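Read the structure below first, then the notes.
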Amino acid sequence: MKRYLRIQVDHSRCVGSALCLATAPGYFELDDQHLSRPTTSVVPVSENVGAAAELCPMEAITLTELEDERDSGEHEDTRGTRRPPTPAAVPPRQAFTGPTYRR
Amino acid sequence: MPDSPGRVPVDVLTEIVRTENLVDPYPFLAWVRNHDPVHHSPSGVYLVSRYADGREVLQNSKLFRNPEPDEIFRLFPAAHRHRSQLLLLHTIALNNPPAHTRLRRLVSRDFTAGRMEALRGRVGEISDRLIAAVVPPYRDGQVVDLGAAVASQLPLHVFGELLGVPESDRVELQMKMPLVLAAMHPGATEEQLLTADEINESIERYFADLVVKRRHDPQDDLISALVTARDDDPDILSFDELMSMLWGLWAGGFATTVAAINYGVLTMLRHADQVHWLRAGPAGAQSFVDELLRYEAPAATTAVSRYPRRDVRLSGGTVPEGADVRVLFTACNRDPDMFDEPDRFDPSRPAMHRTHLSFGHGLHYCLGAALARMELSVILPKIDSSFPDLTLAGEPTYRPALPVRTIDHLPVAMDAA
C-alpha cells in the first residue's frame, strides 16, 4: 500500500533558508514573507522530503506518515461522494524524520 | 574580452580590497550595483550585486551548480599534485546532491537552533572569561585590542569545544589556516602550494590522531559523532571525506563570526543611538544582531563559485554558461530595491533574519548560522555592559583579503571626555 506524508512547516521557526526548496525540488515554496510552505500538504513518501526535514536548520518541518492520503481529510472522492474521515482506523504515527544515523 | 557600451574598465574584485573601500565599501558598491550589476571582472569572475539576482543564483542550485571535480581541477590545476587543494573536493560546500545531502545530513542536527540554544550558557562563560582579562587595563585607561582579545578568541573556543579540539591545540591549529587558505586560488605560486601542502599535512596528521583518540575514548563532541558514524557504516563517510569535513569546518567555521563580532563593535560605536537594543533582553539583542548581519555582511562575497548550466539572463545582465559566478553580499544587502533606506542601521526592521543574504540561501545555507546568531547575541550585550564609554582608540586594521572581511586589530579605550 502506498504511504503518504503530511508536510507541515512551523512558521514560528522558519528562517527562509530555502534548504528545503533545494533539497526537495517542487515540494516547497517560499511565500512573500520568505516563509516556506509545502506546495502540496500530502505527498507520497519521498526520500528527498525526508532529507529536507532532516536538513532544516530550524527543525521547522514535521512529517506525519499516513497510510491513506484521504486520512488527511483534505481529499475528496473524485466521484463526488465524500468519504467520512476514519480517525480511529489509522491514527497518525510519530513524526517521520527519515532514516536516523546511529551516533 | 569584447568591448561593449557601458563596460566599466575596473576590476571590482581588486577595487573592493583597496584601503578606502575597506574602510567604507558602500559608496563604491552602490556605484557597481547601479552601473554594472553583473560585473565581468578581468579575472574572469562574474560578480552579482543586485539582491534579486543574488538570491536567484543562490536559490537555483540546479541551474547554478557547484563545480564538478574536473572543473575544480581546471580551477585549481595543481590540485591533483597538491593534497591541500584536493581536500576541497570533498567538503560539503563544494558538493552537489546526492553527495551533498549525505554529507550535510551527518552534521546538520548538531547545528540546529535548538542545539545551539543549549550552548548559550557555555558561550556566556567563555565570553565572561575573555572579557574579564581585558577589563582591568581598560578601566585603567589603557588601549585594549578587542579584536585580538575577544573577537578572534570567542568563536575559536566555542567552535573548538563543539568540534572536540582540545583547548591547548586550538590557537596553533588556527594560526595554520591562513597559509593554507592563501593557496586556495588559481593564481597560487608553486611555493605557496608547497607551503600549504606541508602545513596541510600537519593539520591532517593532527586530525587523524584526534580521530584515533576519539575512537578509543569518545566524547560528547562532533568529531566523536563523525567517527562513530563512519565506524558504523564506512559508506556514509570515506576517510578523505572525514578529513575534508574536519578541515572544512575548521577553515570555514569561525573566521566569519570573528569578523561579525568586530563589525558588531564598530557598529555599536558608529550607531550609539541603536545600542539600546542590546539592553532589551535576548529578543532585542537578536534584532540588533540580525540587522548587523545585513548591514555589515561578514563575507563580502560567496566563497564557492557557482557555474550556470546555460546562459542565464539575470535582471542586471547575462552570465554565460560555465562562468565563475559569485554573489557580492555587501552590495546585495544594501540594495534599495529590497530594503528601504538600506544605508540606515535599523534593528526595528521586521524579520531581518529571513531576508539578508549573509548566510547565503538554498542548498548551502550556512551550517553555522544559528551558532553565529547565538554567539553574537551573547557577546555584544556583554561588551556593551563591560566596557562603559567605549570609543575607538585608533584605526581598525582591515585585512585586504576576500571573502571574509577580516579585521586584525580593533583598538578601543575608555572615553576620557
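The values are calculated or read from the model by the stated rules, or taken from the named source; none is laboratory data. Worth saying up front: this structure is predicted, and the values here are computed from it rather than measured. Cβ sites come from the backbone with ideal geometry, for glycine too, and all protein chains shown count toward neighbours. Surface accessibility is based on the protein's heavy atoms, side chains included, excluding ligands, DNA and RNA. Shrake-Rupley method; radii C 1.70, N 1.55, O 1.52, S 1.80 Å.
Give me a single rounded figure for B:354-362: the average over its residues of other chain Cβ atoms within 10 Å of their Cβ. Write out the running numbers ahead of the final one.
Values: counts 9, 4, 0, 0, 0, 3, 3, 8, 7.
Averaged over the peptide's residues, the number is 4.
Can you give the average number of partner chain beta-carbon atoms within 10 Å of each beta-carbon in peptide B:108-118, as a whole number?
Working: counts 7, 8, 1, 1, 7, 7, 4, 1, 1, 0, 0.
For peptide B:108-118, the averaged partner shielding equals 3.
Within the set of other residues whose C-beta is less than 15 Å from the C-beta of residue B:312, count the net charge using Lys and Arg as +1 and Asp and Glu as -1.
On the way: positive: B:50, B:55, B:62, B:65, B:306, B:309, B:310, B:313, B:326; negative: B:53, B:56, B:311, B:321, B:324.
Net charge in that neighbourhood comes out at +4.
Given a Förster distance of 56 Å, report the FRET efficiency between residue A:2 and residue B:115 from their Cβ-Cβ distance, rounded to the nearest 0.05. Don't jump to the answer; show the numbers that get you there.
Values: r = 34 Å, r/R0 = 0.61.
Calculated value: 0.95.
Run through every distinct alpha carbon pair of the protein assembly as shown and return the Kirkwood hydrodynamic radius in angstroms, one decimal place.
Working: mean 1/r = 0.0408 Å⁻¹.
The answer is 24.5 Å.
What's the buried accessible area, both sides, between B and A using a 1.4 Å probe, rounded to 100 Å²?
Numbers: alone 18480 and 7080 Å², together 23000 Å².
Interface area, both chains combined: 2600 Å², rounded to the nearest 100.
Among B:403, B:360, B:144, which residue has its Cα furthest toward the positive end of the charge dipole of the protein assembly as shown, with +1 on Lys/Arg Cβ and -1 on Asp/Glu Cβ?
Value computed over the given set: B:360.
Going by average Cβ density within 10 Å per residue, which order do the peptides B:206-219, B:98-111 take, highest to lowest? The partial results should precede the final answer.
Values: B:206-219: 14.6, B:98-111: 18.8.
In decreasing order of mean packing, B:206-219, B:98-111 become B:98-111, B:206-219.
For chain B, just list the percent of Cα-Cα distances falling in each 20 Å bin from zero outward, please.
Histogramming chain B at 20 Å steps yields 26, 59, 15, 0 percent.
Based on the Kirkwood radius over alpha-carbon pairs, what value in µm²/s does the Stokes-Einstein equation return for the translational diffusion coefficient of segment B:258-400 at 10 °C and 1.306 mPa s?
On the way: Rh = 16.6 Å.
Stokes-Einstein gives a translational diffusion coefficient of 96 µm²/s.
Could you work out how far apart the two model spin labels at residue B:179 and residue B:219 are, taking each label as a point 7 Å from the Cα in the direction of the beta carbon, and quote it in nm?
Output for this residue pair reads 2.5 nm.
Can you tell me the order of B:274-282, A:51-59 when each peptide is scored by its average per-residue count of other Cβ atoms within 10 angstrom, highest first?
Details: B:274-282: 15.9, A:51-59: 23.3.
Those peptides, ordered most packed to least, come out A:51-59, B:274-282.
Evaluate the distance, in nm, between pseudo-label points positioned 7 Å from the Cα of residue B:122 and of residue B:279 along their respective Cα→Cβ axes.
3.2 nm
Just the number, please: percent antiparallel of the DSSP beta bridges in segment B:12-414, rounded to the nearest 5.
Values: 18 of 22 bridges.
DSSP beta bridges in segment B:12-414 are roughly 80 percent antiparallel.
For segment B:92-134, which whole-number percentage of the solvent-accessible area (1.4 Å probe, protein heavy atoms only) is attributable to carbon and sulfur atoms?
Of all accessible area on segment B:92-134, carbon and sulfur atoms account for 59 percent.
How do the peptides B:388-395, B:145-152, B:373-380 rank, highest first, by the average count of neighbouring beta carbon atoms within 10 Å per residue?
Ranking, from highest mean packing down: B:373-380, B:145-152, B:388-395.
By how many nm would the segment from residue B:270 to residue B:417 grow when fully extended, if each residue of separation counts as 0.36 nm and the alpha-carbon distance is taken off? Walk me through the intermediate numbers first.
On the way: separation 147, 0.36 × 147 = 52.92 nm, distance 1.70 nm.
Result: 51.2 nm gained on full extension.
In whole Å, what are the extents of segment A:4-72 along the principal axes defined by its C-alpha atoms, from largest to smallest?
Dimensions of segment A:4-72 along the principal axes of its Cα atoms: 31, 20, 19 Å.
When ligands, DNA and RNA are left out and all protein chains stay put, how many square angstrom of accessible area per residue does chain B have with a 1.4 Å probe? Don't jump to the answer; show the numbers that get you there.
Values: 17220 Å² over 417 residues.
Per residue, chain B has an accessible area of 41 Å².
When you look at the Cβ of every residue in B:365-372, what mean number of other chain Cβ atoms sits within 10 Å?
On the way: counts 9, 2, 2, 1, 4, 3, 0, 0.
That average works out to 3.
Taking 7 Å along the Cα-to-C-beta vector as the label spot, tell me the residue B:148-residue A:31 distance in nanometres, rounded to one decimal.
So the label points at residue B:148 and residue A:31 sit 5.2 nm apart.
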